[in-house]
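Some notes on the structure that comes next.
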Amino acid sequence: MKTSIPGNPGLTISTDQYLAEVRAAIADLRSSRGENIIQVWYCKTIQNHKGLFITDAFDGHFYECTYNGDQGELYVDDYVKRAKHTVYNVSRKGGIA
């Protein structure tokens, strides 16, 4: 999903405005099911914002939301966890088994 933030191409937005836009975009994608949107990670660099978000539905979806300050656009990528793979086991002694 790609959303332009009205009147904002090439301008920075505040963290609060970014979070408000993200919450509205995710609620719209999820058809406003009344779930809480939880911020997992967030970073701002110059005029750009990026964050990872989940909802309290805990349905395996997570959202990567990027605000491109040069274009004044918000991108929302919707991911679904398909599987959990164990790459290695750590033994009780603290080493890799």
Cβ pairs under 6 Å, 6+ apart or interchain, first in the stretch 77-88 and over 24 Å from residue 55 (Cβ atoms), second of a type in the set (Val, Ile, Thr), ordered by first then second residue, are 88/96
Scanning the stretch 13-23 residue by residue, those part of a helix (DSSP H, G or I) and surrounded by fewer than 14 Cβ atoms within 10 Å (Cβ to Cβ) turn out to be 15, 16, 20
Filtering the stretch 24-65 for residues that are crowded, with 16+ Cβ neighbours inside 10 Å and closer than 28 Å to residue 83 by Cβ leaves a count of 14
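Values quoted throughout were computed directly from the atomic coordinates according to the rules given, and no laboratory measurement underlies them. Given the structure is predicted, the values throughout are model-derived calculations rather than measurements. Cβ atoms come from the backbone with ideal geometry, glycine included; neighbour counts cover every protein chain shown.
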